[in-house]
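Enquirer: Once you've had a glance at the structure underneath, I'll fire off some questions.
The values are calculated or read from the model by the stated rules, or taken from the named source; none is laboratory data. Treat the numbers as computed from the prediction; the structure is a model and nothing was measured. Backbone-built Cβ (ideal geometry, glycine too); neighbour counts: all protein chains shown. We work out accessible area using only protein heavy atoms, side chains counted, and drop any ligands, DNA or RNA first. Shrake-Rupley method; radii C 1.70, N 1.55, O 1.52, S 1.80 Å.
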Amino acid sequence: MLEMDAEEFRRLAHRAVDIVADDLAGTQVDPQKPARRPTSAGLRDRIMQAPLPVGPLDADAILDAFVADILPYPMGNGSPRFFAWVNSPPSPIGVIGDLLAAAMNPSVAGGDHAGTYVEHAALRWIVALLGLDPAAGAILTSGGSVANLVGLAVMRNRLAPGVRASGLRAAPPLVIYTSTQGHSCIEKAVEILGIGHDYLRKVAVDNDLRMDMTALRTAIAADRAAGLRPACVAASAGTVNSGAIDPLADIADLCAAEGLWFHVDGAYGGFGLLAEQTGGLDGLYAGLERADSVAVDPHKWLSIPIECGCAIVRDRAAMRETFSLVPAYLRDDTELPWFSEFGIQQTRGFRALKLWMTLQAVGADGYRTEITRQVALAAMLRDRVEARPALELVADGPLSIVCFRVRTPTDSPATADAVNRAVSARLQADGRVFITTTVIRGVVALRACIVNFRTREQDLDVLLDEVEAAARAVAAGG
Ligand SMILES: Cc1ncc(COP(=O)(O)O)c(C=O)c1O
């Protein structure tokens, strides 16, 4: 049944809120609660193979099934001991925001309703937090991948005029530069935009896993000599592998000198700038303010419930030129043109509300303090890895990612890699802490990423104790 009367909604929604609040209390206060627990084949089948009911089911029975089969098997990112990928817990007020946004259910394509103004406010706050030009164009997206795609689409439209009419057939081909540590979504964007990954250069990195400027200059010169058209450097303000920040100021200088578009992928690390503002990091973000386009991800370090990304383009008119299908002579809405003229979607969700609510509940200083604390926590984790003879550091930040590995009494790199993979697999199956692996300079490492306002110092010790215990079990053949 689609309709539900207000009293029935009140009763069911109160039940749902109690379920969420109980889960929140368990996640936060019970140290024995695993970060996540594995599902079973039976559960997977029960969820995936269930037939679509022909008639209506009772709403309480549907909630019962959620409580029994879905809620107990989370991804785990609500837990303070979840260190995988770049997934934060949701801010509880953001969770409430999502409920309220769904209840209002506007399309924030634009127009005169409160949702439009809330997104404009939230975007203005994000642009200000990042110290970017208040006149820049900005839009919320589903996440960092689409935010990067939006930025690079504007680049393509600017550097290949006429592309909207006749595609990219015009020679010479555009070339994009990112580092070997650049996120895969840059490659995806280059493919989607029809540039082709053969024209994406993965520039070598230095000892700190930052883009190497000499290698970048050499690659640009070689492409020019080959008759290609160097178009854009897609730098990382926080690589997903190790939390390295490319030399943004040097890249900005080079882009200005060479006439290249300067794009910054700050999906993971853009808001690390807030730790620099407190003195928790030093001088790493200089140059960000000169970017032509920036992608950030409030659903990562700001703990906004997924999905919430953000694309910011310094030249607002160029952004509108890229996406608008309203003829220029009809674009008389100069003050608040519709968001649908600045991005990919027409109907757009009210994802701004959870962001607007959380930004106010935390405040700029609240975020500065929290992100600085998490960067300091990662530094602590690095120190603790180095203090344990059984472990060795593989890459160290400078943001909130620590890559390390279990030392093994073997000369065989393949065996050492296999041991570290086995340790990670064992920890994942157990679920008390959750960590994944990556490959840094050719070796397999355990990768701990802290973007979690619940993680405390003692969780770091639990993580390292569990890693060492898993390593002993693997060595014993377990
Ligand atoms: C550096 C970086 N860029 C881009 C992305 C893609 O963002 P999303 O997963 O929100 O699409 C990620 C995701 O982890 C990332 O870490």
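Enquirer: Using beta carbons and a limit of 6 Å, which pairs, at least six apart or on different chains, have the first residue in region 63-81 and in contact (Cβ under 8 Å) with a residue 40 or more places away in the chain and hydroxyl-bearing (Ser, Thr, Tyr) and the second one part of a loop (DSSP other than H, G, I, E, B) and open to solvent by 30 Å² or more (accessible area, probe 1.4 Å)?
Expert: Taking only residues 6 or more apart or on different chains, not a single pair turns up.
Enquirer: If you don't mind, another one. Would you pick out the residues in region 226-269 that are assigned to a loop (DSSP other than H, G, I, E, B) and either at pLDDT below 95 or small (Gly, Ala, Ser) (or both)?
Expert: Ala226, Gly227, Gly238, Ser242, Gly243, Ala244, Gly259, Ala267, Gly269
Enquirer: Out of the residues in region 285-302 meeting the condition of being buried (at least 24 other Cβ atoms within 10 Å of the Cβ) and part of a loop (DSSP other than H, G, I, E, B), tell me which one is nearest to the ligand (Cβ to nearest atom). Steps first, answer last, please.
Expert: Residues of region 285-302 buried (at least 24 other Cβ atoms within 10 Å of the Cβ): 285, 291, 293-302.
The next check asks that each one be part of a loop (DSSP other than H, G, I, E, B); those that pass are 285, 291, 297-302.
On the way: Tyr285: 15, Ala291: 14, Asp297: 5, Pro298: 10, His299: 6, Lys300: 7, Trp301: 10, Leu302: 12 Å.
This residue is Asp297.
Enquirer: Is there a residue in region 199-206 that is farther than 19 Å from Leu132 by Cβ and part of a loop (DSSP other than H, G, I, E, B)?
Expert: Yes, region 199-206 contains a residue that is farther than 19 Å from Leu132 by Cβ and part of a loop (DSSP other than H, G, I, E, B).
Enquirer: Against the definition (of a type in the set (A, V, I, L, M, F, W, C), within 16 Å of the ligand (Cβ to nearest atom) and either within 29 Å of the chain's Cα centre (by Cα) or open to solvent by 30 Å² or more (accessible area, probe 1.4 Å) (or both)), how does Met104 come out, yes or no? So that I can check it myself, show each step before the final result.
Expert: Values: of a type in the set (A, V, I, L, M, F, W, C): yes; within 16 Å of the ligand (Cβ to nearest atom): no; either within 29 Å of the chain's Cα centre (by Cα) or open to solvent by 30 Å² or more (accessible area, probe 1.4 Å) (or both): yes.
So Met104 fails the test.
Enquirer: Next question. Working only within region 118-177, note down all residues that are assigned to a helix (DSSP H, G or I), of a type in the set (S, T, N, Q) and in contact with a strand residue (DSSP E or B) (Cβ under 9 Å, 6 or more places away or on another chain). Spell out how you get there, then give the answer.
Expert: Looking only at region 118-177, we keep the residues that are assigned to a helix (DSSP H, G or I), and these are 118-129, 144-159, 163-166.
If we keep only those that are of a type in the set (S, T, N, Q) too, we end up with 145, 148, 157, 166.
Across region 118-177, the qualifying residues are Ser145, Asn148.
Enquirer: Within region 304-327, restricting attention to residues that are closer than 21 Å to Leu273 by Cβ and open to solvent by less than 10 Å² (accessible area, probe 1.4 Å), which residue is nearest to the ligand (Cβ to nearest atom)?
Expert: Across region 304-327, the extreme among qualifying residues is Gly309.
Enquirer: Every residue in region 182-200 that is crowded, with 22+ Cβ neighbours inside 10 Å and closer than 22 Å to Gly442 by Cα, please. Quick ask: steps written out before the conclusion?
Expert: Start the filter on region 182-200 by keeping residues that are crowded, with 22+ Cβ neighbours inside 10 Å, which leaves 182-183, 185-186, 189-190, 195.
Listed by number, the residues that qualify are Gly182, His183, Cys185, Ile186.
Enquirer: Here's a follow-up. Can you go through Ala138, Ala225, Ala215 and tell me which one is open to solvent by 10 Å² or more (accessible area, probe 1.4 Å), of a type outside the set (Val, Ile, Thr), more than 18 Å from Ala252 (Cβ to Cβ) and over 20 Å from the mean Cα position of the chain (by Cα)?
Expert: On the way: Ala138 fails: over 20 Å from the mean Cα position of the chain (by Cα); Ala215 fails: more than 18 Å from Ala252 (Cβ to Cβ).
When all the criteria are applied, what remains is Ala225.
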